[in-house]
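The next block holds one structure in the form of structure tokens; read it before the comments.
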Amino acid sequence: MNVGGITSNYPIGYETRKTHKAVPEQSFANTMGKTANVNSKQVFTLHWFENELGEKPIGARGLENGGSTTVYKPVDFDPANPVYRVRIWDAEGNMTERMVDISKVDPKNCDIIDMHAYACHLTDSGEFPDAQFTFMCAHDVKRVMENPSNPGGFRDNCLDKYNWLDVVKGAMQMQYDAGNLAGYLDYKKFWDFLTQR
């Protein structure tokens, strides 16, 4: 099974919810049909299945260039030495990979791939359960702020390095300016966490 053709200007995430009753007239096909029309120019395939090494994914996200990244937890994972396999697919389906040592990731100066692995680690380890989602949202806010007239047209290179504390602070400020105190506090929690490490 493969998830393909999901289009969005928003991060792809997941959460588990308990459903008490069925929601009438809302099917998966209808929901996906609505999602697929958000931005027909941005199509990417998420790779969310165990790889041939038996490693399970702990995070995946689409990239603006039509590619995607998936963070895998190695079978011999050592929490004292957290190293993850990150596979990066381009728009044509070509894959490269990188091993990311979390102890060497500096959120003040790292690329999207390392920060994604770091955020997935924080979520998976329980150190900051909302890290992956908050990182992806902050990155999307950055794209909107850098190209407000056409955020879907902005393409940053996943190898470009950023100060992610500044990115999160920018998202925090945007929420504050919009009068969204709850959103501001969500980003502030992540910013506080990152600045205290």
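Apart from one condition, residue 48 fits all of (1) at pLDDT below 95; (2) of a type outside the set (A, V, I, L, M); (3) over 23 Å from residue 127 (Cβ atoms); (4) open to solvent by 20 Å² or more (accessible area, probe 1.4 Å); the exception is (3).
So which residues in the stretch 61-75 are out of contact with any Gly (no Cβ under 6 Å at 6 or more places or on another chain), at pLDDT 95 or above and not aromatic (Phe, Trp, Tyr)?
Passing the criteria: 70, 73, 74.
Scanning the stretch 76-90 for residues that are touching a strand residue (DSSP E or B) at 6+ places or on another chain (Cβ under 9 Å) and either among the acidic types (Asp, Glu) or under 19 Å from residue 193 (Cα atoms) (or both), we see that the one that is surrounded by the fewest Cβ atoms within 10 Å (Cβ to Cβ) is 90. For the stretch 127-137, the condition of being aromatic (Phe, Trp, Tyr), in contact with a Gly (Cβ under 8 Å, 6 or more places away or on another chain) and either open to solvent by 40 Å² or more (accessible area, probe 1.4 Å) or not in a helix (DSSP H, G or I) (or both) holds for at least one residue.
Summed over the stretch 91-126, the residues that are open to solvent by 40 Å² or more (accessible area, probe 1.4 Å), more than 19 Å from residue 196 (Cα to Cα) and not in a loop (DSSP other than H, G, I, E, B) give a count of 6.
The values are calculated or read from the model by the stated rules, or taken from the named source; none is laboratory data. Because the structure is a prediction, the values reported are computed rather than measured. Note: ideal-geometry Cβ built from the backbone for every residue, glycine included; neighbour counts use all protein chains shown. Remember, those area values only see protein heavy atoms, side chains included, never the ligands or the DNA or RNA. Shrake-Rupley method; radii C 1.70, N 1.55, O 1.52, S 1.80 Å.
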